[in-house]
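One structure is given below, encoded as structure tokens.
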Amino acid sequence: PYEIVSADVNNDNILDIIVANAGSNTIGVLVGLNNEKFAPVMLFSTGNNSNPYGGAAGDFNNDTYIDFVVANYLGNSIGVLLGFGNGSFAAVITYSTGDGSRPQSIAISDFNQDNILDIVVVNYRLNTMGIFMGIGDGNFQNQITYSTGYNSMPTFIIVNDFNNDNKSDVVICNTNTDDIGIFYGYGNGTFTSVISYSVGDGTSPHSIRSGNFNNDNAMDIVIASPGTNRILILYGSGDGHFLVGSTFSTGSKAGTISLGVGDFDGNGLLDVTTANYLGNNIGVHISSGYQHFGREMTYSTGDGSAPYAVAISDFNHDNQSDVVVVNYGTNNMGIFFGFGNGTLSTIVLYPLENNANPTAVAVADFNHDNYSDIAVVNYGSNNIYIFLGSINGIFSLITIYSTGIGSNPYGITIGDFNNDNILDIIIAAAGTNEIILAQGYGNGTFGNETSYTTGYNFNPYSVAVGHFTGDNWLDIAIAIYQGDHIEILAKTC
């Protein structure tokens, strides 16, 4: 397992879990039940040798059902699985991110303010970000790329408004150049050139999240640094500028590679959770005020588990933040239920198939039951799993969607791309250099796949969506690892 996303994929108002399984080329969906447990995993193929790394959930075709998108690392593509609203998904639609692009991370937003979700992906080998603009029916335009910097090797992507202009911006992690890069959106589907902030020699930033950590109404950025076993916070000024703030230890040889943000102790301040790959645990950092976090509390994920990604949501409807983690080393997913006082339960494990190697996860309500469902990107098995959630935190596996032989899905994002009020899925397939769109049916299943190439050997790693062209359709941004740029897919109809 590479990444976890929480969402309500079967419309039962219970959060479900979606896990990206790189080793088995699948996503796994665990549907939440009403007793803090999950139904057995349902697997959806992301394609042979797709190796899904990253994932995201959203309504891509406006059918009000949650869809899922994955980044296929070895497949060099993104894969979109449209949800049927019952926790199952249609067959994957792939979009190329370019030969050898190796997409790793994916996100969604409306980059052109047309009320249609778009996709952005980072392409690790081509050093680019790629944008796929949504059309509104679950399909996407061809990829538009932006350079992330020479030999930058982007690995992670997030979307937010960092300069308070009500337009979606994109932030990426450049692992090889020890910096983060910011692309400010113009609201018409285009972006500025990358603006870089160094985070220190040897930090090798791997994961980023945004939030207002000091309660000044400006977006800040928290960064996971596996190179130094610390987290670092960049404090935003609200006008697009940042100041390097405090660093906090995640433990000796922790190997922190993923982050989550939520309020675990109910004090109204954002806390941070980390997936510590080498430490075989997750860590929770409780905020105690302005620019200060308490000592990390760790929770074991099991010997040799190598936790790869975390996400935060309320899976059992008790109004407390819970944590889901995907464990790359042991091919399983784990749930930690929050008690509301800053502490968590012991882990509840859901086994995944051998060699799934999930790299990404997205959470959304795929089947309109008001419960969060989960899409899991399986980098190793070239597929995605869809899990339907329930009121008690238990998940059920609905189906497995292939992203194609050699697609290696790496990143994922979710949105409604065809304006049918049903969420669709976009997947970055690194192995086949494309992104894949799967249209959701509103019942948790997906189909009518379409793929978009990102260019030869581009290796798209991460995707995000937003309104980039101001036409009320969602567009897609893709990070191109091998090409040192990002691409935009602008949807036209």
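Brief remarks follow.
- Only residues that are assigned to a loop (DSSP other than H, G, I, E, B) and not small (Gly, Ala, Ser) were counted across the stretch 226-259, and they come to 7.
- Qualifying residue in the stretch 469-491 (condition: part of a loop (DSSP other than H, G, I, E, B), within 18 Å of the chain's Cα centre (by Cα) and at pLDDT below 80): yes
- In the set (1) surrounded by fewer than 20 Cβ atoms within 10 Å (Cβ to Cβ); (2) within 29 Å of residue 306 (Cα to Cα), residue 232 fails one condition alone, (1).
- Applying the condition of being among the small types (Gly, Ala, Ser) and within 16 Å of residue 307 (Cα to Cα) to the stretch 253-283 and asking which residue is surrounded by the most Cβ atoms within 10 Å (Cβ to Cβ) yields 275.
- Any hit, the stretch 161-177, residues being in contact (Cβ under 8 Å) with a residue 60 or more places away in the chain and over 22 Å from the mean Cα position of the chain (by Cα): yes
- When restricted to residues that are touching a His at 6+ places or on another chain (Cβ under 9 Å) and buried (at least 24 other Cβ atoms within 10 Å of the Cβ), the stretch 20-42 contains 1.
- Residues in the stretch 454-467 that are touching a Phe, Trp or Tyr at 6+ places or on another chain (Cβ under 9 Å) and either surrounded by fewer than 24 Cβ atoms within 10 Å (Cβ to Cβ) or not polar (S, T, N, Q) (or both): 458, 460, 461, 463, 464, 465, 466, 467.
- Test set (1) surrounded by 20 or more Cβ atoms within 10 Å (Cβ to Cβ); (2) out of contact with any Leu (no Cβ under 6 Å at 6 or more places or on another chain); (3) not aliphatic (A, V, I, L, M) - residue 216 fails condition number: (1)
- Any hit, the stretch 438-447, residues being surrounded by fewer than 24 Cβ atoms within 10 Å (Cβ to Cβ) and more than 20 Å from the chain's Cα centre (by Cα): yes
- Of the residues screened, residue 65 is not one that is in contact with a strand residue (DSSP E or B) (Cβ under 8 Å, 6 or more places away or on another chain), buried (at least 24 other Cβ atoms within 10 Å of the Cβ) and in a strand (DSSP E or B).
- Residues of the stretch 260-307 that turn out to be of a type outside the set (Asp, Glu) and either touching a Leu at 6+ places or on another chain (Cβ under 6 Å) or part of a strand (DSSP E or B) (or both), as a count: 23
- Leading residue by the ranking (surrounded by the fewest Cβ atoms within 10 Å (Cβ to Cβ)) among those in the stretch 76-102 that are among the small types (Gly, Ala, Ser), assigned to a loop (DSSP other than H, G, I, E, B) and at pLDDT 90 or above: 100
- For residue 470, the criteria (1) surrounded by fewer than 24 Cβ atoms within 10 Å (Cβ to Cβ); (2) touching a Phe, Trp or Tyr at 6+ places or on another chain (Cβ under 7 Å); (3) of a type in the set (Gly, Ala, Ser); (4) closer than 24 Å to residue 113 by Cα hold in every case but one, which is (2).
- Strands (runs of 3 or more DSSP E) wholly inside the stretch 12-59 containing at least 1 residues that are under 18 Å from residue 311 (Cβ atoms) and among the β-branched types (Val, Ile, Thr): 16-22, 26-30
The values are calculated or read from the model by the stated rules, or taken from the named source; none is laboratory data. Computed from a prediction, not measured in an experiment: that's the story for all the values here. For neighbour counting, all protein chains shown are included, and Cβ atoms are generated from backbone atoms with ideal geometry for every residue, glycine included.
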